[in-house]
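Before any comments, here is the structure.
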Amino acid sequence: MDQNAAAASDLAAGIAAVLPALARLADRDAVALRLADTAACALGAEHLADSGGEEGTIARIRRYGTWGQGPCTVWADGSRASLDDASLRNGVAARYLDYNDTYVGRAVTHPSDLIPALVAFAEARGIGWDRLIGAITVAYEVMCRFAEQAQLAGRGFDGSSSLTPLGAAAGAAWLIGLDEKRSAEALCIAALDAGTLRAVRQGRLSDWKAIASARGAMKAVFAVRMVDAGCHSPEKVFEGKEGFCERIAGPLSIDAGGGARLPRTLLKKYPVQIFIQGLIELAQQLGAGVSAAQIASIKVGMSKQAVEMLGGANAGKARINHETADHTPGFAIGAVLLKGRMSHDDYAALLKDEGVLALMASVSMEEDAEATRAYPREFHAKMTATLKDGKAMVVSQRGPAPMDAASFARKLDELWPAGRPRTWPWQLAGEAPRFPG
C-alpha cells in the first residue's frame, strides 16, 4: 500500500459512492438545452467584446491566455488552446453576461459555470458525448444538492464559486472513470481552496465576479488530473474543526434521492440576476398602464433573501458599472420603463442614460413576509409605483414565467452571432445531441 495514501473524508467518500446513481439521472435533452444556453452566453459575450467600446474582462482574458495550439477549442473562433486556457476563457465568457442558468437553494448558484471546463477536459482526453453528458449530470447534481444545504453567505463566502469546484470535481472524476477512492481524493483536493470570499461581490465589482467560478472549475479539473497522476489528498478535508463544512459551508450530506436537479435549474430570459427576471416582467406590466414620466418612486417587495442579495433599501443607490448593473433592480426597472427592453447589448448605452439612472435612484426594496415564506419554492414579488399625482399602481407575481421554446429561440437570436451556424462549437466522438432551437 502507498504509505502516502490517506483515508478520504467521509463526505468525499459518500459523494464518490453516489456518482453512479447520479449519472443514471441523465436527461440528454435537458443537458443539451443547458449546453446550448451556455454556448450562446459565451458567444454573445465574446461578440460584444468585439463590438468596440471600453475594454472589459473578455479582452483581458484574451491577453492572459496563449491561443493557437492545444487539444481544446476556443468557442468564439474555433482556435485551439491548452486545457487550462480554454477552460478559463470559455468559462469566463459563459459567465460574463450573467445570463447563464441558476439554481436557488440556501445558496444561489450558476451550475453551468462548470460546463466549459468539463467540455475542455473531454476534448483533451478524447472522451465522447455520452460520457460528457453523464459527467455534466453528475456535476450538476452534486452542486445543486449542496446549494440546497450550504450556509455560505452568512459565513462570508460566495455561493456559486465556492460550490463550483465540488460539482466540477465530481463531474471530472466521472468523466475519466476514476474509481471511488480516487474520486474521493479528487474531491478533497478540490475542496481545500474552494471557498471564495464573498468580497468578490462587494463594492464596485471587478473582473473577478466573472472569473471566480471559471477558475474554480479549472482548479477542480486540476485536482482530478493530480489524483489521476497518482497524487494523494489530505484526509478529513470536509470534517473536523478545520474542515470545509465547519469553516465554510456548514453541514452537508448527499444522496441520490429527490429526483434530478439539473432539469430544475432556471434558464434566464434576461441578462440580469435571477431575482430580477420577474421584476422585468412586472415593469413591463407597469409600463403598459403608466409612463416613466408619471412615476415619483417605486418600491419593490420580495423575500428577505432576495432583498439582501440585491442591496436592500439601497437598491437604487449603488455605484453602477456593467458588473453591478445586472444585480441592480432599479437599473433593469428603469431600462424597461424608459426603453421597453433589456438585452445584453443595451448595457453600454443604458449605463450612460441619465433618465435610466434617475429612475433607478427612485427604486427601493423591502421584505415582503409572504414572499419570504414562499422562498425558495416561488419567487414572489410586488412592485408599487407611487405616481406624481399621489396615486399608486401595484403589480405582483408569484414568480417569473418559465423559459419556453419561443423565449429560448429569442435568446439564441439575441446572443448567437449572425451568420454563424447554430451547432456545437466543439467536436466530440459519438452521436451529438440535437442542437436545441
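The values are calculated or read from the model by the stated rules, or taken from the named source; none is laboratory data. Computed from a predicted structure; not experimentally measured. Glycine also receives a Cβ, built like all others from the backbone with ideal geometry; neighbour counts cover every protein chain displayed.
Is there a residue in the stretch 212-220 that is over 20 Å from Gly243 (Cβ atoms), touching a residue at least 60 places away in the same chain (Cβ under 8 Å) and over 19 Å from the mean Cα position of the chain (by Cα)? Looking for residues that are over 20 Å from Gly243 (Cβ atoms), touching a residue at least 60 places away in the same chain (Cβ under 8 Å) and over 19 Å from the mean Cα position of the chain (by Cα), one finds none in the stretch 212-220, hence no. Of all residues in the stretch 12-40, none that is closer than 18 Å to Ser253 by Cβ and without any contact (Cβ under 8 Å) to a residue 12 or more places away in the chain has its Cβ atom under 9 Å from the Cβ atom of a residue that is surrounded by 23 or more Cβ atoms within 10 Å (Cβ to Cβ) and of a type in the set (Ser, Thr, Tyr), 6 or more apart or on another chain. On inspection, Thr372 passes the criterion of being over 30 Å from Val74 (Cβ atoms) and at pLDDT 95 or above.
Limited to the stretch 1-38, what total is found for residues that are part of a helix (DSSP H, G or I), acidic (Asp, Glu) and modelled with pLDDT of 95 or more?
Adding up the residues that qualify gives 2.
Among the listed residues Ala371, Ala381, which satisfies the condition of being in contact with a helix residue (DSSP H, G or I) (Cβ under 6 Å, 6 or more places away or on another chain), surrounded by 16 or more Cβ atoms within 10 Å (Cβ to Cβ) and over 27 Å from Trp129 (Cβ atoms)? Sole residue among the options that is in contact with a helix residue (DSSP H, G or I) (Cβ under 6 Å, 6 or more places away or on another chain), surrounded by 16 or more Cβ atoms within 10 Å (Cβ to Cβ) and over 27 Å from Trp129 (Cβ atoms): Ala381. As a summary of the residue check, Arg201 satisfies the conditions (1) surrounded by fewer than 24 Cβ atoms within 10 Å (Cβ to Cβ); (2) over 25 Å from Ala59 (Cβ atoms); (3) touching a residue at least 40 places away in the same chain (Cβ under 8 Å) except for the one numbered (2). If the condition is being without any contact (Cβ under 8 Å) to a residue 60 or more places away in the chain, in a helix (DSSP H, G or I) and of a type outside the set (D, E, K, R), then the stretch 394-415 contributes Ala405, Ala406, Ala409.
Residues that are in a helix (DSSP H, G or I) and free of Cβ contacts under 8 Å to residues at least 24 places away in the same chain: does the stretch 108-118 have at least one? Scanning the stretch 108-118 turns up no residue that is in a helix (DSSP H, G or I) and free of Cβ contacts under 8 Å to residues at least 24 places away in the same chain. Scan the stretch 178-191 and tell me whether some residue there is small (Gly, Ala, Ser), within 24 Å of Ile58 (Cα to Cα) and under 21 Å from the mean Cα position of the chain (by Cα). Taking every residue of the stretch 178-191 in turn, none turns out to be small (Gly, Ala, Ser), within 24 Å of Ile58 (Cα to Cα) and under 21 Å from the mean Cα position of the chain (by Cα). Between Gly355, Gly289, Gly301, the distinction of being of a type outside the set (Lys, Arg) and assigned to a loop (DSSP other than H, G, I, E, B) belongs to Gly289 only. Of everything in the stretch 138-169 that is in a helix (DSSP H, G or I) and polar (S, T, N, Q), the residue that is nearest to Arg24 (Cα to Cα) is Thr164. Of all residues in the stretch 128-166, those satisfying the criterion of being surrounded by fewer than 22 Cβ atoms within 10 Å (Cβ to Cβ) and either at pLDDT below 95 or not hydrophobic (A, V, I, L, M, F, W, C) (or both) are Gly128, Asp130, Arg131, Glu148, Gln149, Gln151, Ala153, Gly154, Arg155, Gly156.
A single member of Glu281, Glu246, Glu242 is without any contact (Cβ under 8 Å) to a residue 12 or more places away in the chain, assigned to a helix (DSSP H, G or I) and either among the small types (Gly, Ala, Ser) or at negative phi (or both), and it is Glu246.
Here is a yes/no grid of residues against (1) within 25 Å of Arg377 (Cα to Cα); (2) surrounded by 24 or more Cβ atoms within 10 Å (Cβ to Cβ); (3) in contact with a Cys (Cβ under 7 Å, 6 or more places away or on another chain):
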{"site": "Gly70", "(1), (2), (3)": "no, no, no"}
{"site": "Leu83", "(1), (2), (3)": "no, no, yes"}
{"site": "Tyr103", "(1), (2), (3)": "yes, yes, yes"}
{"site": "Val108", "(1), (2), (3)": "yes, no, no"}
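In the set (1) assigned to a loop (DSSP other than H, G, I, E, B); (2) at pLDDT below 95; (3) closer than 23 Å to Leu337 by Cβ, the condition left unmet by Gly390 is number (2). Screening the stretch 43-68 for residues that are within 14 Å of Asp85 (Cβ to Cβ) and among the small types (Gly, Ala, Ser) and picking the one that is surrounded by the fewest Cβ atoms within 10 Å (Cβ to Cβ) gives Gly68. Taking the criterion of being surrounded by fewer than 17 Cβ atoms within 10 Å (Cβ to Cβ) and charged (D, E, K, R), the residues of the stretch 354-368 that qualify are Glu354, Glu366, Glu367.
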